[in-house]
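Accompanying notes for the structure given below.
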Amino acid sequence: MVICVYGAASDNIDKSYVNATEELGLRMAKRGHSLVFGAGGNGLMGAVANGVSKGGGRVKGVIPTFFTDSNVEIVSKQCDEVVYTETMRERKQEMEDSADAFIMVPGGIGTFEEFYEILTAKQLLQHNKPIAVFNINGYFNELQHMMRVAVDKGFIKEGVLTLYTVFNNIDEMLDFVETDKGSGLGLDELKRN
């Protein structure tokens, strides 16, 4: 299985996030999975690539050329393959097309944007791939609260909350991405008209 991991590119974060994400990568590889990600060598992107590589797994990075041209991100040395794209949209499409499942680890604006784009595509029945959220140190507690508020206030249908699952435990999360068959819900149960 190819798992896409979305996460922070910054090194200016507590090492507990880095350690947990590297362990995620290691366990992914030990279970026979490979990684597709944004190719960054720093932060949680670099950590997951390091873990997968240490575990003997394959690493595919996808990065826009302007990132490397302007030193926005350094490409991870753990990449077995690097795909260069012209735009961020092409980057996300390549990762989405390459992946069998998605895991979001803590990150910033880009990470949130990737998560919500892949969640929206699942809501609109454009894919049925598992989406997991690794809630390291309770980082996503407020995200869960915000989604609940949006449902309670009528902006999101309840069924959308079944399209992804939040985890604190790596093995439980990997069990989920390996076995999830989707919600089985239709568009009328997922999208407000």
> Quick one: would you say VAL83 is modelled with pLDDT of 95 or more, among the β-branched types (Val, Ile, Thr) and surrounded by 20 or more Cβ atoms within 10 Å (Cβ to Cβ)?
Replying inline: no
>> Return the residues of segment 1-15 that are under 17 Å from PHE115 (Cα atoms) and modelled with pLDDT of 95 or more; say none if nothing qualifies.
In response: VAL2, ILE3, CYS4, VAL5, TYR6, GLY7, ALA8
> Counting just the residues of segment 177-190 that are over 17 Å from the mean Cα position of the chain (by Cα) and surrounded by 16 or more Cβ atoms within 10 Å (Cβ to Cβ), which one comes out modelled with the highest pLDDT?
Replying inline: LEU190
>> I'd like to know if segment 88-97 contains one or more residues that are out of contact with any Ser or Thr (no Cβ under 8 Å at 6 or more places or on another chain), loosely packed, with under 13 Cβ neighbours inside 10 Å, closer than 23 Å to VAL59 by Cα and not acidic (Asp, Glu).
In response: yes
> Which residues, taken from segment 144-157, are surrounded by 16 or more Cβ atoms within 10 Å (Cβ to Cβ) and closer than 30 Å to GLU23 by Cβ?
Replying inline: MET147
> From the set of residues in segment 14-35 that are hydroxyl-bearing (Ser, Thr, Tyr) and buried (at least 16 other Cβ atoms within 10 Å of the Cβ), which is farthest from GLY61 (Cα to Cα)?
Replying inline: TYR17
> Do any helices (runs of 4 or more DSSP H) entirely within segment 53-138 hold 1 or more residues that are within 15 Å of TYR164 (Cβ to Cβ) and either in contact with a strand residue (DSSP E or B) (Cβ under 6 Å, 6 or more places away or on another chain) or among the β-branched types (Val, Ile, Thr) (or both), and if so, which?
Replying inline: 109-123
>> If a residue must be surrounded by fewer than 18 Cβ atoms within 10 Å (Cβ to Cβ), in a loop (DSSP other than H, G, I, E, B) and in contact (Cβ under 8 Å) with a residue 12 or more places away in the chain, how many such residues does segment 158-176 contain?
In response: 1
> Does LEU185 fit the bill of being part of a helix (DSSP H, G or I) and either farther than 30 Å from ARG27 by Cα or not aromatic (Phe, Trp, Tyr) (or both)?
Replying inline: no
> Just a yes or no: is a residue in segment 57-67 surrounded by fewer than 18 Cβ atoms within 10 Å (Cβ to Cβ) and closer than 16 Å to MET1 by Cα?
Replying inline: yes
> Which of the residues spanning segment 36-89 are closer than 14 Å to GLY25 by Cα and either touching a Lys or Arg at 6+ places or on another chain (Cβ under 6 Å) or aromatic (Phe, Trp, Tyr) (or both)?
Replying inline: VAL36, PHE37, GLY55
> Before we move on, is ALA49 among the small types (Gly, Ala, Ser) and touching a residue at least 40 places away in the same chain (Cβ under 8 Å)?
Replying inline: no
> Which one of the conditions (1) in contact with an Asp or Glu (Cβ under 6 Å, 6 or more places away or on another chain); (2) over 21 Å from GLU22 (Cα atoms) does ALA121 fail to meet, given that it meets all the rest?
Replying inline: (1)
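The values are calculated or read from the model by the stated rules, or taken from the named source; none is laboratory data. All values derive from a computational prediction rather than experimental measurement. Glycine gets a Cβ as well: all are built from the backbone with ideal geometry, and neighbour counts include every protein chain shown.
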